[in-house]
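Where a number appears in this text, it was derived from the coordinates with a stated rule and is not lab data. Since this is a predicted model, take the numbers as computed values, not measurements. No Cβ is skipped: glycine too gets one built from the backbone with ideal geometry, and neighbour counts run over all protein chains shown.
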Amino acid sequence: MKIAYALALGVALLAGCRREDGQAPVPATTLQLSFGAGALVLNPSGYAPLTARLTFTSRQSGQLRLVVHGRHGTASDLTQQFTDEGTAHDVPILGLYPDYANAVSVQLVNLDGQLLADTTLTIQTPPLPPNMPTSLVTTAPAGSALGGDFTLVSNFSATDPQMPLIVDNYGDIRWLLDYRTLPELAQLSYDCGISRLRNGNYCFGNKSTSQLYEVDVYGAIVNRWTMTGYTFHHELYEKPDGNFLATVNKIGSTHPDGTATNQDYVVEVDRHANRVVQEWDLKQSLDENRHALEADPADWFHGNAVLYDPSDNTIIVSGRHQGVVKLTYDNRVKWLLAPHRGWGTNHQGQSLSQLALTPLSAAGQVIADTAVVNGSANAPDFEWNWYQHSVQLMPNGDLLLFDNGTNRNFIRNASAHYSRAVVYRIDPAARTVQQVWTYGKERGAQTFSSIVSRVQYLPAVNHLLFCPGYQVPNATGTGGKIIELEYASKQVLFEMQLTPTNGFAFHRAQRESIYP
């Protein structure tokens with residue numbers, strides 16, 4: 001629902017006094033900005049209740065700068081500088097607090113940043129929708145020393161529809177999408193969740209409609225893509241060329257005996273032509289009869305993540321019930337990252353056991369212990385990935401993933417569990433793998449998540465985000481944790497708990513700014 005505010009701005013001109021936001025004194029010649037009725041619209045799309053749109057014409061030419069004043073002092077202020085040089089201005093106001101009279105400074109500045117005109121708005125927002133997670137910051141935020149002030153959470157605490165949100169480092173929700181009033185997305189089920197495109201918009205797939213969506217910061221649909229013959233599940237990934245990779249089911253897919261399969265295809269969607277241009281049938285490249293981890297013949301692979309590797313024009317796919325595989329564009333296996341137990345031959349005649357990576361010790365020596373190689377035991381400096389999620393390439397080409405640890409070493413109903421963030425160094429020519437970094441085992445059950453979850457490397461600060469998302473023990477129940485730590489020392493710098501009523505906090509959480 002659109003709510004327009006007629007703004008009665010009776011703010012006196014400021015002359016040479018220091019501003020409340022701590023910025024430089026305002027020159028005596030500073031003018032007051034004025035807006036007509038309808039210039040400010042709260043929640044312009046109807047689906048993003050913590051956003052507003054400001055549209056007006058200024059008497060002077062300049063650029064807008066917004067300051068959403070924080071509830072925790074000036075360190076929590078959100079400042080956004082736009083590049084809208086001129087007199088016509090149309091900008092989003094993001095990062096509003098829910099159920100709150102938000103103070104927002106609107107400033108017109110010149111190219112040197114000098115203040116030309118300004119005023120302060122008060123924007124009253126509605127309360128949060130039902131079933132939002134509560135959050136608790138257990139480590140005080142360290143400001144700019146962290147990898148960001150905000151985290152994008154693919155929230156699972158609500159169903160029909162699922163509602164993504166952005167939370168700040170103080171535990172306040174500052175942005176969300178609520179599609180309850182939009183029939184097309186009223187049953188949104190995005191699984192791995194939402195991510196930001198390079199153009200600043202967001203994208204996600206919807207299992208309920210099997211379409212892919214691009215939406216703007218207000219939640220308005222900008223584009224949609226249809227994958228004829230396929231249904232969406234789990235992951236949508238933007239390639240460098242703008243095309244999408246998606247994990248999908250193929251309608252009518254079967255094993256040779258005619259029984260149905262699911263979650264065992266990846267496709268590439270041409271973003272401009274709106275059609276599937278490439279298909280990877282994982283039954284052809286892998287061993288559909290391998291059931292070393294799970295016995296389910298239909299969901300034998302369970303693809304839950306995919307990425308593109310530009311170094312050799314390949315894709316890397318995570319299958320919860322198999323491991324991680326690197327595939328060429330003609331669907332040939334380059335390597336397998338998984339315990340060696342149970343690999344046979346694929347339908348292309350490749351011996352998959354020969355393509356499984358050989359583990360190395362920290363000293364670079366081949367680990368010959370067959371129990372470690374096959375996965376029934378761990379070495380002091382090497383463990384395989386178990387039911388992993390969230391694969392990511394590090395800047396140096398190493399592979400980072402969330403090792404959930406479910407049924408680790410093939411032990412079901414073990415008395416102790418742990419999940420890890422782990423970095424592997426892979427030599428594709430020698431087909432070897434070395435564990436070079438890990439965190440989480442020392443936390444034990446405190447950060448164990450049997451499914452979902454996310455890891456993210458933050459190169460600007462050399463930090464790592466470790467985010468277990470499902471039924472993680474918290475101070476007030478179960479849910480997820482968002483943990484940022486120094487990569488070098490593994491010192492925890494920030495930790496937040498999200499506790500929904502259903503214990504399912506999120507599929508993924510990642511550092512992301514509110515403004516593009």
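This ranking places S453, S135, S58, S513 by how few other beta-carbon atoms lie within 10 Å of each, fewest first, which gives S513, S58, S135, S453.
I need the shape label for segment 100-214. Rule: rounded when a/c is under 1.5, else prolate if a/b > b/c, else oblate, with a, b, c from the alpha carbon gyration tensor. Judged from the Cα gyration tensor, segment 100-214 comes out prolate (a/c at least 1.5, a/b above b/c).
The slack between T328 and S361, meaning 0.36 nm per residue of separation minus the straight C-alpha distance, is 9.1 nm. The alpha carbon centroids of segment 160-196 and segment 413-487 are separated by 24 Å.
Report the gain in length on full extension from L111 to R198: 0.36 nm times residue separation, minus Cα-Cα distance, nm rounded to one decimal. Gain in length upon complete extension: 28.8 nm.
Each residue of segment 400-409 is assigned a 3J(HN,Hα), and the resulting list reads 9, 8, 9, 8, 5, x, 4, 6, 4, 6 Hz, derived from the Karplus form 6.51 cos²θ - 1.76 cosθ + 1.60 (θ = phi - 60°), x at Gly and Pro. Over the residues of the chain, the helix contribution to mean residue ellipticity at 222 nm works out to -500 deg cm²/dmol, using -39500 (n - 2.57) for each DSSP H run of at least 4. Peptides 243-253, 33-43, ordered by how many other C-beta atoms sit within 10 Å of their residues on average, highest first, read 243-253, 33-43. Between their Cα atoms, which of K250/K441; K326/K441; K207/K239; K207/K490; K207/K481; K207/K326 are more than 29 Å away from each other? Long pairs (Cα-Cα over 29 Å): K250/K441; K207/K490. Each label was represented as a point 7 Å from its Cα along the Cα-to-Cβ direction; for T226 and H272 these points are 2.2 nm apart. With a cut-off of 11 Å between beta carbons, the residues surrounding N249 carry a summed charge of 0, where Lys and Arg count +1 and Asp and Glu -1.
Summing Cβ point charges (Lys, Arg +1; Asp, Glu -1) relative to the Cα centre of the chain gives a dipole of roughly 340 debye. Less than 5 angstrom separates the built amide H of G95 from none of the residues sequence-distant by 5 or more or on a different chain. Computed from backbone phi, the HN-Hα couplings of segment 357-371 come to 5, 8, x, 10, 6, 4, 7, x, 8, 4, 7, 9, 5, 5, 5 Hz, rounded to whole numbers (Karplus: 6.51 cos²θ - 1.76 cosθ + 1.60, θ = phi - 60°; Gly and Pro given as x). Less than 5 angstrom separates the built amide H of A39 from those of L7, all sequence-distant by 5 or more or on a different chain. Sequentially through segment 503-508, phi angles give Karplus couplings (6.51, -1.76, 1.60; θ = phi - 60°) of x, 10, 6, 6, 7, 9 Hz, Gly and Pro residues having no value and appearing as x.
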